[in-house]
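Written below as structure tokens is the structure these notes are about.
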Amino acid sequence: MIELTRRNFVVSAATATAVFGLARPLAFLSPAHAQTASPSEPPRFARFNIGELEVTQLYDGIWQKPHDPQFIRNASVEDTKKALREANLTDAHVPITFTITVIRMGDRTIMFDAGTGGQLAPTAGLLMKESMQAAGIDPKSINVIVMTHFHPDHIFGLMAKDTNEQIFPDAELVVPAKEYKYWAETSISSLPEARQGLAKRVQATFPKWKNVRQVEDDQEVVSGIRSVATNGHTPGHTSYIISSGSNQLMVLGDVSNLPALFVRNPGWHAAFDQDPEMAEKSRRETFDRVVADKITITGYHYGMPGIGTIEKDGNSYVFKPLSA
């Protein structure tokens, strides 16, 4: 069980800058003081078969994000609450879950993104070890870790909080070349101040690691996995298509955040999207593709399970989670 405290956590502007490139404070509300959609805690993991693939989703906690008029640039807090209620979710806060996808392909165990490493919010990033243990996955069995982008809730699970020591030193780290270039090779002083903190940590780690491999757009990452450019959320945000016979799975990363908000309203622009217009274009094109090709998808912030299908609904879309 998650250990609850009776405190609210407020991240300073400096920390917010390092986390998501935001210049404003972020408040994290502990579950002891938060309304929840269900009295039960989500399962630690969910497992599915897609063709010959064994797909496991690992629960890494939840960010119970307080409402903020800045969160969605072109929608109000009342619009946000209404969309949450329509999806049968709490409207007391924005319930953003963190789920990591692991697939087994033959003798390979491949993980997509690495979680927050417990370095973002008190209710998020604390459960990866427990969830892996519950799912019967030995961290040492991870052969490859494929990154969608470099936001902290996706990469901080690769590095120890105080020492930056690698958590998965024996796994190959596959990163989008465009994303790597932006965060790891750009002069920090030339970046907007709000992004410099994250860039400093990326540059203190990734260039020093010997197990990093960069991949270009539309490149085979490993046999059966191909990169798909879905830029906008970050400059090099990348999704991945995994093929197994006639079946396909697409790991979306942050093509959209919470489905109740951004799948249902693909034109809404989240504060975390670095280029909101490009992010919307990528989102709509990706959703149209997975609908047309009947591709199963996983989303990093899609809840448990965060695996399912996207369906067209007029000018909108709906996420339909699979049943375990």
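Here are some notes:
- Surrounding net charge for Val215, when Lys and Arg each add one and Asp and Glu each subtract one, Cβ distance under 14 Å: -2
- On a per residue basis, the convex hull of the C-alpha atoms belonging to the stretch 68-136 measures out at 148 Å³.
- Cα gyration tensor shape of the chain, rounded if a/c is under 1.5, else prolate or oblate by comparing a/b with b/c: rounded
- Centroid-to-centroid separation of the stretch 235-253 and the stretch 39-65 [C-alpha atoms, Å]: 17 Å
- Charges were assigned to the Cβ only: +1 to each Lys and Arg, -1 to each Asp and Glu. The resulting dipole of the stretch 191-323 about its Cα centre is roughly 460 debye.
- Measuring between alpha carbons in the structure, the pairs from Lys294/Lys320; Lys181/Lys210; Lys129/Lys178; Lys140/Lys181 lying more than 19 angstrom apart are Lys129/Lys178; Lys140/Lys181.
- Applying the Kirkwood pairwise sum to the alpha-carbon positions of the stretch 206-296 produces a hydrodynamic radius of 14.1 angstrom.
Just so you know, all these numbers are worked out from the coordinates, no wet-lab data involved. Computed from a predicted structure; not experimentally measured. Glycine gets a Cβ as well: all are built from the backbone with ideal geometry, and neighbour counts include every protein chain shown.
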